[in-house]
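Participant: One structure follows; several queries about it will come next.
The values are calculated or read from the model by the stated rules, or taken from the named source; none is laboratory data. On a predicted model such as this, the values are computed, not experimentally measured, just so you know. Neighbour counts are summed over all protein chains in view; Cβ atoms, including those assigned to glycine, are modelled from backbone coordinates with ideal geometry.
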Amino acid sequence: MALDSRHDGGTRLTVNVPMRWGDMDAYGHINNVEVLRILEEARIHAFGPPSGTGMPGMEVDLPIFSELPEGTQALVAEHRVRYLVPLNYRNVPARIEVWISSVKGASITVAYAIFDPVTDVKCAIAETVLAFFHEGSGTVLRIAAEKKAQLAPLLGESDFR
């Protein structure tokens, strides 16, 4: 699956995620469950796979997850999705804007906007709250100052208002 992305110098990364034939529901729309998979693909492409996973050579815009300390896991604590209009199946990748809408002591919120690649209509907005967990100790980890600094250029407002 080919993904491409670009950073426009603002707070948002743009990632293009292919839609699969199997993502479609009976109405020709991308199924709501598959939207979460598309968001996961965008998040991993933008920030990297968790440390120790993924194939060498994967291009990452900002390696937030692939540079975590040994034994640290980035776990999904919450997903929030608002479907604005149906995302129709297309044989071209959907455009996803990805940014950080919140950095707290022990979690970050990744925000997304999904656009139809043909009409450029915004189809959905979403957020994923991630917490960092140390497997060995079983504790949630605070976000280090250097990680917060790395995230700062992508910090922007939430689309949920």
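Participant: Right, L154: more than 24 Å from E34 (Cα to Cα), surrounded by 17 or more Cβ atoms within 10 Å (Cβ to Cβ) and over 16 Å from the mean Cα position of the chain (by Cα) or not? Break it down into steps so the answer makes sense when it comes.
Facilitator: On the way: more than 24 Å from E34 (Cα to Cα): yes; surrounded by 17 or more Cβ atoms within 10 Å (Cβ to Cβ): yes; over 16 Å from the mean Cα position of the chain (by Cα): no.
So L154 does not fit the description; no.
Participant: For S101, state whether it is in a strand (DSSP E or B), at pLDDT 95 or above and surrounded by 13 or more Cβ atoms within 10 Å (Cβ to Cβ).
Facilitator: Numbers: in a strand (DSSP E or B): yes; at pLDDT 95 or above: yes; surrounded by 13 or more Cβ atoms within 10 Å (Cβ to Cβ): yes.
The answer is yes for S101.
Participant: Name the residue that is surrounded by the most Cβ atoms within 10 Å (Cβ to Cβ), counting only residues in the range 74-91 that are part of a strand (DSSP E or B) and among the hydrophobic types (A, V, I, L, M, F, W, C).
Facilitator: Initial filter on the range 74-91 (part of a strand (DSSP E or B)): 74-83, 88.
Keeping just the survivors that are among the hydrophobic types (A, V, I, L, M, F, W, C) gives 74-77, 81.
Numbers: A74: 22, L75: 13, V76: 13, A77: 13, V81: 15.
Out of the qualifying residues, it is A74.
Participant: Sticking with this structure for a sec: V118 passes all but one of (1) crowded, with 17+ Cβ neighbours inside 10 Å; (2) in contact with a Lys or Arg (Cβ under 9 Å, 6 or more places away or on another chain); (3) β-branched (V, I, T); which number fails?
Facilitator: Here V118 meets the rest and fails (1).
Participant: When only residues in the range 109-141 that are of a type in the set (S, T, N, Q) and modelled with pLDDT under 95 count, which is farthest from the chain's Cα centre (by Cα)?
Facilitator: Across the range 109-141, the extreme among qualifying residues is S137.
Participant: Suppose the filter is among the hydrophobic types (A, V, I, L, M, F, W, C), surrounded by 15 or more Cβ atoms within 10 Å (Cβ to Cβ) and more than 30 Å from Y27 (Cβ to Cβ); does F132 pass it? Lay out the reasoning, then the answer.
Facilitator: Numbers: among the hydrophobic types (A, V, I, L, M, F, W, C): yes; surrounded by 15 or more Cβ atoms within 10 Å (Cβ to Cβ): yes; more than 30 Å from Y27 (Cβ to Cβ): yes.
For F132, the condition - among the hydrophobic types (A, V, I, L, M, F, W, C), surrounded by 15 or more Cβ atoms within 10 Å (Cβ to Cβ) and more than 30 Å from Y27 (Cβ to Cβ) - is met.
Participant: When you check E59 against the structure, is it modelled with pLDDT under 95 and among the acidic types (D, E), yes or no? Let's see the steps before the verdict.
Facilitator: Details: modelled with pLDDT under 95: yes; among the acidic types (D, E): yes.
Yes, satisfied.
Participant: Right, something else. Look through I64, I44 and report the one residue that is modelled with pLDDT under 90, crowded, with 16+ Cβ neighbours inside 10 Å and not in a loop (DSSP other than H, G, I, E, B).
Facilitator: On the way: I64 fails: not in a loop (DSSP other than H, G, I, E, B).
Testing whether each residue is modelled with pLDDT under 90, crowded, with 16+ Cβ neighbours inside 10 Å and not in a loop (DSSP other than H, G, I, E, B) leaves just I44.
Participant: Follow-up. Within the bounds of the range 120-130, is there any residue that is touching a Gly at 6+ places or on another chain (Cβ under 9 Å) and under 17 Å from Q73 (Cα atoms)?
Facilitator: Residues of the range 120-130 touching a Gly at 6+ places or on another chain (Cβ under 9 Å): none.
No, the range 120-130 has no match at all.
Participant: Now a separate question. Output the residue which, of all residues in the range 104-151 that are of a type in the set (S, T, N, Q), touching a residue at least 40 places away in the same chain (Cβ under 8 Å) and part of a strand (DSSP E or B), is nearest to I44 (Cα to Cα).
Facilitator: T128
Participant: Applying the selection to the range 121-151, what residues are among the charged types (D, E, K, R) and in contact with a Lys or Arg (Cβ under 9 Å, 6 or more places away or on another chain)? Give the steps one after another, and end with the answer.
Facilitator: Going through the range 121-151, the residues among the charged types (D, E, K, R) turn out to be 122, 127, 135, 142, 146-148.
Listed by number, the list holds a single entry, E127.
Participant: In the range 7-41, what count of residues is obtained for those that are more than 20 Å from L84 (Cβ to Cβ), assigned to a helix (DSSP H, G or I) and either polar (S, T, N, Q) or modelled with pLDDT of 95 or more (or both)?
Facilitator: Counting residues in the range 7-41 that are more than 20 Å from L84 (Cβ to Cβ), assigned to a helix (DSSP H, G or I) and either polar (S, T, N, Q) or modelled with pLDDT of 95 or more (or both) gives 0.
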